[in-house]
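Novice: I have a structure I would like to understand better, so I am pasting it below and will then ask my questions one at a time.
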Amino acid sequence: MSKTVTQYESIIKICKDIFTKKAKDYGTAWRILRTSSITDQIFIKAQRIRTIEQTGSQKVDEGARSEFIGIVNYSIIGLMQLGLDGDSRMELPLEEVSMLFDKYATEAKDLMLNKNHDYGEAWRDMRLSSLTDLLLMKILRIKQIEDNKGKTIISEGIDANYLDMLNYAVFALIRIEEGTA
C-alpha cells in the first residue's frame, strides 16, 4: 500500500503543478462555472478518452494522459465549487486555491485508502477502458442528480461522485505511468 500512496501523491503533485500554473495564467475564471458545466467538462474529457480507446487514433496532439489530468483537476474544481457555495467571490487568492486543492486531494486520498483496504486494490487488475467507463457512469449519475436539483433518495451526492472520479483518474494515471495500462 505504501507504493500506492507514493504513486498517488506523485500524480497529485503533477496535477497540482498544472492546476497552479493555469491559476497563475487564468486566475480563478472557473468560478463562473456551475457544477453542471464542470460535469460537462469532465464528460468531454472522458468521452475523448473513450473515443481514443475505441478508435486507436487521435488527431489532437494531447493524449489520454492529459485528459485524465484534466479530470483530476476538474473534479477538484467541482469539489471547490460545492464547498464555496454561497461565496460570491469570482477571484480567489492563489494561496487559498492551493490550500483548497490540497484539502480535496487529501480527502480523495483518504477515501482511496479506505476503499483500497476493502477492495484490495482491484483497480490494478482492471482494464484502463473499464476505468474510463466507470468515469462516464459517474458523470451520468451526477447529471441525473443535478437534474434532480441535487436531491437523492438513497444514493451518494455529487461530492462523493467527484471524489470517486478523481480517484479513478489517478488510478488511470498511475497505470499509464507504470506502463501497465
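Novice: Expressed as an acute angle from 0 to 90° and rounded to the nearest 10, what is the orientation of the C-alpha long axis of helix 158-178 relative to the principal long axis of the chain?
Specialist: Taking the Cα atoms of the chain, the angle to 158-178 is about 40 degrees.
Novice: Oh, and also: Any chance you could run the full-extension gain for Gln47 through Lys3? It's 0.36 nm times the residue separation minus the Cα-Cα distance, nm to one decimal.
Specialist: Length gained, Gln47 through Lys3: 12.9 nm.
Novice: Report, in deg cm²/dmol and to the nearest 500, the calculated mean residue ellipticity at 222 nm for the chain, where each DSSP H run with n ≥ 4 adds -39500 (n - 2.57) and the sum is divided by the residue count.
Specialist: -25500 deg cm²/dmol
Novice: Here's a follow-up. Distance between Cα centroids, the stretch 118-164 to the stretch 1-22: provide it in whole Å.
Specialist: 21
Novice: How much accessible area per residue does the stretch 46-137 have, counting only protein heavy atoms and a probe of 1.4 Å, in square angstrom?
Specialist: Value for the stretch 46-137: 55 Å² per residue.
Novice: When you have a sec, figure out the Kirkwood radius of the stretch 117-181 from all distinct Cα pair distances and drop it here in Å to one decimal? Intermediate results must be reported in sequence, preceding the final value.
Specialist: Numbers: mean 1/r = 0.0782 Å⁻¹.
The answer is 12.8 Å.
Novice: Rg and Dmax of the stretch 53-97, using alpha carbons, in Å: what are they?
Specialist: Reported Rg and Dmax, both Å: 15.5, 44.
Novice: If you don't mind, another one. Just from the alpha-carbon atoms, what are the Rg and Dmax of the stretch 86-141 in angstroms?
Specialist: 16.0, 44
Novice: Let me ask something additional. Quick one: if the Förster radius is 30 Å, what FRET efficiency do Thr180 and Lys103 give, using the C-beta to C-beta distance and rounding to 0.05?
Specialist: 0.50
Novice: Okay, moving on. Which value, in Å² rounded to 10, gives the accessible area of Ile12 with a 1.4 Å probe and all protein chains present?
Specialist: Counting only protein heavy atoms, the figure is 20 Å².
Novice: If the stretch 1-73 were replaced by its equivalent ellipsoid, with semi-axes equal to the square roots of 5 times the Cα gyration tensor eigenvalues, what would those be, largest first, whole Å? Please report the intermediate quantities before stating the final value.
Specialist: On the way: eigenvalues 89, 85, 30 Å².
So the equivalent ellipsoid measures 21, 21, 12 Å along its semi-axes.
Novice: Just the projected area, averaged over all directions, of the convex hull on the alpha carbon atoms of the stretch 62-168: how many nm²?
Specialist: 8.3
Novice: Ignoring any ligand, DNA or RNA, what whole percent of the accessible area of the stretch 56-113 comes from carbon and sulfur when the probe is 1.4 angstrom?
Specialist: 53
Novice: I would also like to ask the following. Quick one: if you stick a label point 7 Å off each Cα along the C-beta vector at Glu91 and Leu33, how many nm between them?
Specialist: Simple spin-label model gives 2.0 nm for this pair.
Novice: In degrees from 0 to 90, rounded to the nearest 10, what is the angle of the helix 35-55 Cα long axis to the longest principal axis of the chain?
Specialist: Helix 35-55 sits roughly 20 degrees off the main axis of the chain.
Novice: Leaving out same-chain residues fewer than 8 places away, which lysines sit with a Cα under 25 Å from that of Lys143?
Specialist: Straight-distance partners of Lys143: Lys45, Lys103, Lys109, Lys115, Lys151.
Novice: Students often check this: by mean Cβ neighbours within 10 Å, which of 120-129, 106-115, 171-180 ranks highest, and how do the rest follow?
Specialist: 171-180, 106-115, 120-129
Novice: What is the ratio of the Cα radius of gyration of the stretch 1-137 to 2.2 N^0.38 Å, where N is its residue count, to two decimals?
Specialist: 1.11
The values are calculated or read from the model by the stated rules, or taken from the named source; none is laboratory data. Please read all numbers here as calculations on a predicted model, not as lab measurements. Note that each Cβ is placed from the backbone with ideal geometry, even for glycine, and that neighbours are counted across all protein chains shown. When the accessible area is computed, the model is the full protein with side chains, heavy atoms only, and any ligands, DNA or RNA have been set aside. Shrake-Rupley method; radii C 1.70, N 1.55, O 1.52, S 1.80 Å.
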